[in-house]
Amino acid sequence: MKKFIETLKNCWKVEDLRQRILITLLFTAIYRFGSFVILPGINPAKLQQLQSQTAGGLMSLLDMFSGGAFSNASVFALGIMPYISASIIMQLLAVAVPYFNKMQREGESGRKKIMWYTRVLTVFILILQAPSYLFNLKLQAPEALASGVSWFWFSFASTIILAAGSMFVLWLGERITDRGVGNGVSLIIMIGIIARLPQAFIQEVSSRFTAITGGGLVMFIVEILILYAVVCAAILLVQGTRKVPVQYAKRLVGNKQYGGARQYIPLKLFAANVMPIIFAQALMFIPLAIVSYSTPEQSSWFTRTLMDNNSLLYNVIFAALIIAFTYFYTAITMNPVQMAEDMKRNNGFIPGIKPGKDTADYIETIMSRITLPGSIFIAFIAIMPALAGLLNVQEAFSQFFGGTSLLILVGVVIDTLQQIESHLMMRHYDGLLNSGRKRGE
């Protein structure tokens with residue numbers, strides 16, 4: 001605790017870092033303020049049905065990622081997720097389409113072009129998503145719309161406002177990246193998720209100590225211990241970028257002969273990281289598009305089941321998609337042939353394995369064997385909210401037991417701390433802190 005307080009004091013002493021932290025707090029405050037600015041023509045007092053719809057199921061995830069703006073019918077209701085979807089599409093195009101692949105290798109100029117295409121695609125996605133959101137709003141809370149207002153002109157103006165609101169959120173994220181502590185877009189998502197944590201925690205404590213079957217203090221302590229274990233597992237997953245030791249790699253392929261110093265091959269234990277969860281979650285949102293154009297009573301049993309993120313069918317399909325996408329994403333991002341060529345070009349080699357094709361085959365064999373346990377581990381983290389529901393954990397609080405939300409929180413916090421640490425190390429090297437000595441002296 002003393003070291004933590006000392007670190008906070010050092011952060012405040014460095015003028016540049018202090019300004020970056022204050023700018024970050026200012027922009028995040030603007031984002032949270034905008035989450036409560038209601039669309040023109042909407043009566044916020046009559047949004048109970050929309051808020052009830054987002055209290056559970058997949059809609060609760062959309063509301064969580066927007067920081068509650070979705071259920072508030074805010075100008076930021078669509079949040080930053082359309083930009084995330086566009087970024088994923090561009091990332092896949094950079095792998096599958098030679099034109100974008102060449103653009104990606106052009107350095108800074110290519111990166112700017114890809115960013116421009118990503119923004120254009122974001123606007124296109126917003127133009128499609130905004131009318132769907134407004135139609136769902138009309139279906140769920142028709143009494144919230146102002147009387148005497150033309151639906152056509154309301155939806156036209158609101159589509160522009162929603163699209164502009166999401167692009168403004170993107171602008172805030174980019175400003176945090178440039179002038180704040182960095183990771184602006186990720187930080188925006190994290191703020192939206194963590195904004196619901198205090199209320200969810202209070203509801204969970206209240207349910208444990210008031211309900212007859214709540215379990216009281218003992219169950220609450222067990223719950224916190226499980227949450228701590230899951231957070232540790234998420235940290236392991238986010239930081240699981242350690243290179244595989246040659247000794248372990250040889251055990252994977254059944255060759256136990258090894259001699260010499262400890263060496264590593266350029267593989268990662270969790271190469272796909274959280275991307276398979278994001279891809280799988282995007283597919284599981286498809287039932288939302290179907291139900292949004294009809295009432296829940298008119299939809300089939302299969303569709304209603306897929307809308308329940310605590311159902312067995314939903315989690316089985318979700319876990320299977322995560323495992324499949326882990327193999328897919330690992331295959332498109334890690335090329336064994338290219339890795340073998342890079343090792344040969346840099347005078348690297350694996351003891352006992354010939355450079356070239358043999359090394360590529362060797363790496364591909366290891367990748368196929370470490371991907372399966374990694375994908376199962378990721379799937380387990382993803383379905384933890386449903387498992388927490390079996391312990392009667394409130395749904396709002398169970399979302400923090402795993403899934404995309406927990407991994408985003410852990411990943412962004414670790415990245416932000418690393419950004420702050422890099423600023424402190426740089427200033428310490430320049431002699432601007434108390435010691436005034438360079439590292440290594």
Original post:
Taking segment 64-82, which residues are surrounded by 24 or more Cβ atoms within 10 Å (Cβ to Cβ) and in a helix (DSSP H, G or I)?
Top reply: M64, P82
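Looking at segment 84-105, which of its residues are in contact (Cβ under 8 Å) with a residue 60 or more places away in the chain and open to solvent by 30 Å² or more (accessible area, probe 1.4 Å)?
Matches in segment 84-105: I84, S85, L92, V95, A96.
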Original post:
If you check every pair at least six apart or on different chains, which have Cβ atoms under 8 Å apart with a residue in segment 138-158 that is open to solvent by 60 Å² or more (accessible area, probe 1.4 Å) first and a residue that is of a type outside the set (A, V, I, L, M) and not in a helix (DSSP H, G or I) second?
Top reply: L139/S292; L139/T295; E143/N43; V149/G41
**OP:** Please find, within segment 333-346, the residue that is nearest to F380 (Cα to Cα) out of those that are open to solvent by less than 50 Å² (accessible area, probe 1.4 Å) and of a type in the set (A, V, I, L, M).
**Re:** M334
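Looking only at segment 5-37, count how many residues are of a type in the set (V, I, T) and within 14 Å of G68 (Cα to Cα).
Here the count works out to 1.
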Original post:
For residues in segment 329-366 being assigned to a loop (DSSP other than H, G, I, E, B) and under 33 Å from the mean Cα position of the chain (by Cα), which is nearest to I278 (Cα to Cα)?
Top reply: M334
**OP:** Go through the residues of segment 1-22 one by one and say whether even a single one is outside any helix (DSSP H, G or I) and surrounded by fewer than 16 Cβ atoms within 10 Å (Cβ to Cβ).
**Re:** yes
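How many residues, within segment 87-109, are in contact with a Lys or Arg (Cβ under 8 Å, 6 or more places away or on another chain) and assigned to a helix (DSSP H, G or I)? Let's see the steps before the verdict.
We begin by selecting, within segment 87-109, every residue in contact with a Lys or Arg (Cβ under 8 Å, 6 or more places away or on another chain); these are 103-104, 106.
Pick out the ones that are also assigned to a helix (DSSP H, G or I) and you get 103-104.
Selection size over segment 87-109: 2.
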Subject >> Residues located in segment 129-144, provided they are among the aliphatic types (A, V, I, L, M), in contact with a helix residue (DSSP H, G or I) (Cβ under 7 Å, 6 or more places away or on another chain) and either in a helix (DSSP H, G or I) or at pLDDT 85 or above (or both) >> reply: A130, L134, L137, A144
**OP:** State all residues of segment 166-206 that are among the polar types (S, T, N, Q) and open to solvent by 10 Å² or more (accessible area, probe 1.4 Å); if no residue qualifies, say none.
**Re:** T177, N183, S186, Q199, Q203, S206
**OP:** Taking I125 as the residue in question, decide whether it is modelled with pLDDT of 85 or more and within 25 Å of the chain's Cα centre (by Cα).
**Re:** yes
Subject >> Selected residue [aromatic (F, W, Y), in contact with a helix residue (DSSP H, G or I) (Cβ under 7 Å, 6 or more places away or on another chain) and surrounded by fewer than 21 Cβ atoms within 10 Å (Cβ to Cβ)] from F397, F380, F349, F401 >> reply: F349
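The values are calculated or read from the model by the stated rules, or taken from the named source; none is laboratory data. In this text, all values refer to a predicted model and were calculated from it rather than measured experimentally. Glycine also receives a Cβ, built like all others from the backbone with ideal geometry; neighbour counts cover every protein chain displayed. For the accessible areas, the whole protein counts, side chains as well, though only heavy atoms, and no ligand, DNA or RNA atoms are used. Shrake-Rupley method; radii C 1.70, N 1.55, O 1.52, S 1.80 Å.
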